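Below is one structure, written out as structure tokens, with a few remarks after it.
What follows is calculated from the coordinates using simple rules that are stated; it is not laboratory data. What you see is a predicted model; the values in this text were computed from it and never measured. Cβ atoms come from the backbone with ideal geometry, glycine included; neighbour counts cover every protein chain shown.
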Amino acid sequence: MIMSTVEQLPSPDFAAYFAHSMKPMDYEVAFIDELNKELPSSIIDAHVHASEEDHFDITKAQTILDKSASTFPETTIEQSQQIDALLHPGMSVRKLRFAHAFRGIDHKAVNDYLIEQSPVQDRVALFGVSENDEEIEYTREELLSGKYSALKMYYCSTAEEKKNLYEYFPPQVLEIAEKVAVPIILHLPKTVSKSMDEIRMLVQDYPNLRIMLAHAGVTWTLPTDFDTTMAEIAGYKNITVDTSGVTNSAIIRATLAHLGPQRVLYGSDEPLNLLREFTYVNPVKGPRLLTDYPYHWVDPQEYDAYKHLLPENLMYCELQQEDALLVAIRGLVSARKVDAHVQAIFHDNAQREFNF
């Protein structure tokens, strides 16, 4: 993605970022209207981040500020509902909510906030912490409380970035998740194709653990071995996949082709669904993001060099995600089966997996 170094970053203006994102272009309004006609009137979004302003300490977040993930760290439930009204007017949108992933977020405080303040129709995923024995015990006790519908843990949320799965999903926690039948939301440090040894280990060590693979294990670009990888994932019946952040219909098509419509769940990656972003391949740096706004992580020189690649009608990431899903579904099944696939992916699968 187009990023600056941490030392060069201007001070983020999160309020301005959100205000900008809530002003749709005319072509987006028209696209929203047409797109929603193809979706169920009731949607379940299985991948939503949230927090309030006082949950975020920017002095602890320096390692994430050069990445697009830091664009909207302060996203309240009220703001989330404003996003629903913007992108799905007049529709019912229920959500599986959890804290932002990166360091600088007070994950315990967000867990309490979401349990206490989330609308009754929504569900909460515990954001587990594992910096020390005390945090691991906290995570175990919260899981045993029965308050949560899923467990999210992340390799970048501790003081030092974790490289191995069992470092950020400690076995002491996984054994409880398996025991109480709470699915984990697994965001891998590397692409799924490069993480298969760890996935094989995970399903062997915890055969009854339910696993939702976030971002289809890739998000942006389609690895050359992705088809083979999804074929293997299909053999692990306790693994589902969410499509959060995925705007490439080829990724979704390969995922659906191997896993079928019952194991693929819609997720928006809110609030990052508000970014108007475009992926391109930098000849030196590889896959990168272009966007429509001078966020703090944007490298101005790189932006100027490649802004000519931006589509004329650049749209919200969520619209791109939903369109990619619909394109993939239509490309795989006959017209008479499209509605059933859409209903499963945008609603029924999350209802089943997370007890909505």
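Worth a mention:
- Normalised contact order of the chain, rounded percent, pairs of Cα under 8 Å and 6 or more residues apart: 21 percent
- The smallest convex shape that holds all Cα atoms of the chain, its convex hull, gives 131 Å³ per residue.
- Count Lys and Arg as plus one, Asp and Glu as minus one, and take only other residues whose Cβ is under 11 Å from that of ALA181; the net charge is then 0.
- Loop-located GluC sites (Glu not before Pro) across region 113-147 with a Cβ neighbour count of 15 or fewer within 10 Å are GLU131, with loop assigned by DSSP.
- Counting only residues at least eight positions apart within a chain, or on another chain, the lysines with an alpha carbon under 17 Å from that of LYS179 are LYS147, LYS152.
- As a size descriptor, the averaged projected area of the C-alpha convex hull of region 123-270 was calculated at 8.4 nm².
- Within region 33-170, DSSP assigns beta bridges of which about 15% are antiparallel (rounded to the nearest 5).
- Only the Cβ atoms of Lys and Arg (+1) and of Asp and Glu (-1) were treated as charged; on that basis the dipole of the chain about its Cα centre amounts to roughly 1260 debye.
- Backbone amide hydrogens, once placed in the peptide plane, bring ASN282 within less than 5 Å of ARG288, excluding anything fewer than 5 places away on its chain.
- Antiparallel DSSP beta bridges within region 212-356, as percent of all bridges there, nearest 5: 65 percent
- Column: log10 I(q)/I(0), Debye, Cα scatterers of region 219-296, q = 0.12, 0.15, 0.23, 0.24 Å⁻¹: -0.42, -0.62, -1.11, -1.16
- The trypsin sites (Lys or Arg not before Pro) of region 132-172 that meet both conditions, a loop assignment by DSSP and at most 10 other Cβ atoms within 10 Å of the site Cβ, are LYS163.
- Whole-percent P(r), region 244-356, all Cα pairs, 10 Å bins from 0: 13, 38, 29, 16, 4.
- Applying Stokes-Einstein at 37 °C and 0.692 mPa s to the Kirkwood radius of region 1-118, computed over alpha-carbon pairs, gives a translational diffusion coefficient of 207 µm² s⁻¹.
- For region 48-99, the Cα gyration tensor yields ellipsoid semi-axes of 25, 11, 9 Å (square root of five times each eigenvalue, largest first, whole Å).
- Here the chain carries DSSP beta bridges of which approximately 25% are antiparallel, counting only pairs with both residues inside.
- Dividing the alpha-carbon radius of gyration of region 66-196 by the rule-of-thumb value 2.2 N^0.38 Å gives 1.09.
- Cβ charges +1 (Lys, Arg) and -1 (Asp, Glu), total dipole of region 1-126, debye: 380 debye
- Calculated on alpha-carbon atoms, Rg and Dmax of region 161-238 in Å: 12.3, 37
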